[in-house]
Amino acid sequence: MSGAKKLVIVESPTKMKSIAQYLGDGYTVLSSVGHIRDLIEPKNLPAEVKKRGGGLAKFSVDVDNGFEPYYVVSDSKKKTVAELKRALKDADELLLATDEDREGEAIAWHLLQELKPKVPVRRMVFHEITKDAILAAKDHTRELDTSLVDAQETRRILDRLYGYEVSPVLWRKVGPGLSAGRVQSAATRLVVDRERERLAFVAASYWDLVGTFTSADASFQAKLVRLSGDRVATGRDFDDRGQLKSRAAVLDEATATALAAALRDDTVAKRVSKLEQKPYRRSPAAPFTTSTLQQEAARKLRLSAKDTMRVAQSLYENGYITYMRTDSNSLSKQAIAAARAQASKLYGPDTVPDKPRSYASRSKNAQEAHEAIRPSGEVFRTPAEVEGQLRGSEFRLYDLIWKRTIASQMADATGHTATVTLEVGPTAADAPAPAEPTAKVAGALAEFTASGTVITFRGFLAAYEEGRDEERNADEAPGDARLPALAEGQAVSLAELEAKGHETTPPPRFTEASLVKRLEELGIGRPSTFASIISTILDRGYVTLRGQALVPSFVAFSVVRLLEEHFGDLVEYDFTAEMEDDLDRIASGEADRVDWLNGFYFGGDKHRGLRQVVDNLGDIDAREINSVQVAPDITLRIGKYGPYLEVVDPEAAVDATPRRVNLPEGLAPDELTVEKARELIDAPVVGDRVLGLNPANGKQVVVKDGRFGPYVTEVEPEASEPEARAAASVDPATGEVIEAPQSQPVKAAKKAAKKAPAEKPRTASLFKSMQVDAIDLETALKLLDLPRIVGIDAESGAEITAQNGRYGPYLKKGTDTRTLPSEDAIFEIDLAGAEELFAQPKYGARRASSALKEFDADPVSGKPIKVKDGRFGPYVTDGETNATIPRAESVEEITFERAVELLQIKRDKGPAKPRAKRATTAKKAPAKKAPAKKSTT
């Protein structure tokens, strides 16, 4: 074929541009923009397919016939597929150059199935986008790995079966919009379990002494460790119930204070009793895997796992780093040589060991890329060299990856650690025998210790030092004091001695970094999925961020409780990890996907099977699942509109309605102690405060705190005390107040009032800037009188009003509207200002240049992409499709690749279905005549 070319298909538009420039003439490089097809939503299945049964109508997977999935090309990808097919007609070879992992292999397989090429097909794989790597990849292609495809397809079907069977149970028993998933449910349980530990934690108090000692002109601090031979208790000596779990001596405040006073005595001997010196050696951390990169970026750069992967993806596709989804610690020979050469040049030849360092991979198989994350190329670009090309998070992440890679091939840091023990008190021979702590004060022998590390050769520390997660009782960590030259038997002086009180601390909440680390330790999920796992549990509202800490919601407690009690296996950490191992076995060709899915869904030797569990759930008490007993008379309920406390008055009637108390927004589960619950119950009720009478109608104006926020309303005034007395009399026998006899006209009037439809009281929400306890009658009347008439438009004669709507404050003139800058402007704007706003185009000066960012053309629509600020927040658009930017992401962080991804996700979802119109009148169907009875004779 004249002028034929090789067609190369990648999944990323950015990658497409980078690779095209390296391959040159003879190659056409196009992008699939991710997956081109997926499992169809069951509701969109053709009617003839649904009739086939086998679970197709429920899952789009035929569970009765080899778990055959029903895939479709999404509407948004039909144009892409058509373009790929046209390009394939002019090609003499097809190179599928998607990522070399399970998902990349699956994308390549789907392309193969849909394009049905009649030319040779090869897989082209690479781990970095550099000229040498791309040219080498085109010359060393391979066949499609169907085992990797099977593993990815099994995972996709498994997630569909799991989610579509379990999620509806959550909707019915906990709340709408919830979901369950193979890994997200296990991750949620981890966060909930940690909060349960914090709830059950009981703090223990203990005291110690910290002294400042001097020798010659130098001073150093040392801590009390023994008293008359007994070790002094620290936080590590207590369990989570606050009980002592060792034989250490616990000092209380009185003992510690008395001991400090006794030891300050100048007549008490203070000397060095022991001096130890040990060599110190510390090795560098291994190069980054996906997991360790997410952990370290969270610790040092404060990036979420999702943001880390998004930035790393951009760095990879633009040729700065190697492939970012990997669980391998190893480096290629070229990378090791590059790291050693750069370390030697920048930090000196002595910082590089004689032999290259190698790191064993933790991966159980080869399903991910086979090299650690590192700078790309055979000669690494230093951070200084890319500073002008990369900005913000991209530069900081590249800098982190470069430093870690270089440090991994550098020499150990070495030095020595010195530990000094000081005796304060009588000599050992004169010391009294051990006794109770309170009896040890007088004449007690106290031992203090201090440690200091001197690094004589920094080695890899010259380039990089790994961060650490939060630890319990961090104040007890051994210090790194600067110790003066000391000798055994040498006398020292005590400059200061302080008694310090401490409380043990509960286990720290998970951060994204520590949760990723724990998921990896348990074998739940894969490094490439950690970011999406955390993103999912945040988006579902199971977990919220408080600073860096992951705090579970009360709903998460209900969800986890239901899953534990009725789907026990599915949230067991070992079971979830076993599923990952099984997927690895399928990926390596050691297991069959159909056999495995049969065992998981229908049951087998090891497990009952998801189908049997769902079919035999029995009755689930939704009220019980969503309730937690805080105290005998207080129950926490997780309701449709949020958590609240239900309080039972022991003196109330049996059938009395319990009192409800809403929980303050942001209260963490471990903060809802019995004491806190009592405090909330006993607190004065905010709202329901009478502000005064409306002079226009005589009704009371009241401010209340409602389910959807504070508001003001009007109520009928209660009868005054004199009026009540006039209308009542006292029963002489009992002394009780009884109603006065009423005349017939009064009774008739009351009866008529009951029949008349009740007039709905006027209400108005408070502005966001208003406080319930500060609202006054004048402001309340202004709110109740909204909408406010600003004036009459001189040109049209129409009335202009200012009012507050669902989407904020605005002006209205007939059917025309204009947004006001703030709620306060509702009361402040005058007629001239209103006319000036209406004189502007509706989307004029304020929105004419509304693009916050502009990018190149979208690969699907061919139209430029813009980031705009809309009524519901910032969004990306190509003029045809609008996609809201998630709340967790900022406009500044949105890249071209992320914008393309958001648009594609929105296209895949399809257009939103219009809301069904509510019928205003319902015609009664004519009654059907009963059929004539047939004679039985």
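Odds and ends about this structure:
- Tensor-based shape of segment 537-646 (alpha-carbon gyration tensor, a/c under 1.5 rounded, otherwise prolate or oblate): oblate
- Surrounding net charge for Ala407, when Lys and Arg each add one and Asp and Glu each subtract one, Cβ distance under 13 Å: +2
- Nearest-0.05 FRET efficiency for Ala337 and Gln803, computed from C-beta distance (R0 60 Å): 0.25
- Pairs with C-alpha atoms separated by more than 31 Å, drawn from the list Lys15/Lys85; Lys131/Lys868; Lys77/Lys606, are Lys131/Lys868; Lys77/Lys606.
- Cβ-based exposure ranking for Ser328, Ser796, Ser219, in which fewest neighbours within 10 Å come first: Ser796, Ser219, Ser328
- Prolate/oblate/rounded call for the chain, Cα gyration tensor, a/c under 1.5 rounded: oblate
- Exposure proxy order (Cβ contacts within 10 Å, fewest to most) of Ile373, Ile638, Ile905: Ile905, Ile638, Ile373
- HN-Hα J in Hz across segment 287-301 - Karplus 6.51, -1.76, 1.60, θ = phi - 60°, x for Gly and Pro: x, 5, 9, 4, 5, 5, 5, 5, 5, 6, 5, 5, 5, 9, 10
- Label point of Glu465 set 7 angstrom out along Cα-Cβ; within segment 264-287, amide nitrogens under 15 Å from it belong to 281-285.
- Dividing the convex hull volume of the alpha-carbon atoms in segment 851-908 by its residue count gives 74 Å³ per residue.
- Segment 626-682 - convex hull of alpha carbons, volume per residue in Å³: 88 Å³
- Within-12-Å neighbourhood charge of Asp132 [Cβ basis; K, R +1; D, E -1]: -1
- In Hz, Karplus ³J(HN,Hα) per residue of segment 223-238 (6.51, -1.76, 1.60; θ = phi - 60°; x = Gly, Pro): 10, 5, 10, 9, 9, 6, x, 8, 5, 7, 5, 10, x, 6, 8, 10
- For segment 767-811, the set of GluC sites (Glu not before Pro) satisfying both a DSSP loop assignment and a count of at most 16 other C-beta atoms within 10 Å is given as Glu795.
- More than 12 Å apart - percent of Cα-Cα pairs taken over segment 541-582: 66 percent
- FRET efficiency estimate (nearest 0.05) - Cβ-Cβ, Gln389 to Glu880, R0 41 angstrom: 0.80
- Cα gyration tensor, segment 132-258 - rounded (a/c under 1.5), prolate or oblate: oblate
- For segment 596-621, backbone nitrogen atoms closer than 16 Å to the point 7 Å from Glu565 Cα along Cα-to-C-beta are found at 617-621.
- Percent antiparallel among DSSP beta bridges (both partners in the chain, rounded to 5): 90 percent
- Calculated Rg and Dmax of segment 17-85 using C-alpha coordinates, Å: 17.3, 51
- Computed [θ] at 222 nm, deg cm²/dmol, the chain (DSSP H ≥ 4; -39,500 (n - 2.57); rounded to nearest 500): -9500 deg cm²/dmol
- Exposure proxy ranking for Arg404, Arg818, based on other Cβ atoms within 10 angstrom of each Cβ and starting from the fewest, stands as Arg818, Arg404.
FYI, it's all coordinate maths here, none of it is from the lab. All figures in this text were calculated on a predicted structure; none of them were measured in a lab. As a convention, Cβ positions derive from the backbone with ideal geometry for all residues, glycine included, and neighbour counts pool all protein chains shown.
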